[in-house]
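Scroll down for the structure; my scribbles are underneath it.
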Amino acid sequence: MMRAYLVTVAFFALAFSLTSASDPSPLQDFCVALKDSSDSAVFVNGKVCKDPKLAKADDFYFGELNIDESTKNLQGSNVTTVNVDQIPGLNTLGISLVRIDYAPYGQNPPHTHPRATEILVVLEGTLYVGFVTSNTENHLFTKVLNKGDVFVFPVGLIHFQFNVGKTNAIAIAGLMTALITYPLLQLSGNNF
């Protein structure tokens, strides 16, 4: 009797420990987000879905990532975001993209993405990048990246990029969320 009880408890413990910690799988092939809710009937992921029969290729397209943006600001950088607001077809797909332009010695200041892992690839220039762990040790992981190098920032951890070169730098980052949150951090009384 006791053995059957232990087997049952072990089975349920194993079954309940197998959970998914990612976005749920979509219920349909895609859900093109609509800004005007009068043309739709279904809300998915906080957005209203366009009738799939009315979807067009342009709902899955963004053609401005090749444009060099101005970095004449306090940070010396510019982030061009490509998410569900620019490509409505990204809704429910769980991905987005950013292009980051850096002036010489420009930075993408310390920030976090509470719901997204980020993978960064350097297209031009040299970047000093890093992240800090959230455990009690607050371990800092850093690396100097050159053209073609890739670095990953784990979900929710404070991270940064700094152009250590004397020329402009460009990077592309992919994030595992359809709508990027980008809270900058206030550190030591300085608002970066």
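Where a number appears in this text, it was derived from the coordinates with a stated rule and is not lab data. Quantities reported herein were computed from a predicted structural model and do not represent experimental measurements. Neighbour counts are summed over all protein chains in view; Cβ atoms, including those assigned to glycine, are modelled from backbone coordinates with ideal geometry.
Seen from Val122, the other residues with C-beta closer than 14 Å to its C-beta sum to a net charge of -1, counting Lys and Arg as +1 and Asp and Glu as -1.
Taking 7 Å steps out from each Cα toward its Cβ at Glu69 and Asp51 produces label points 3.5 nm apart.
To the nearest 20 debye, what charge dipole does the range 71-187 have about its Cα centre, counting +1 at the Cβ of each Lys and Arg and -1 at the Cβ of each Asp and Glu?
Working: 6 positive and 6 negative charges, 33 e Å.
Dipole about the Cα centre, nearest 20: 160 debye.
The lysines whose alpha-carbon is closer than 16 Å to the alpha-carbon of Lys166, local same-chain residues fewer than 8 away aside, are Lys72, Lys147.
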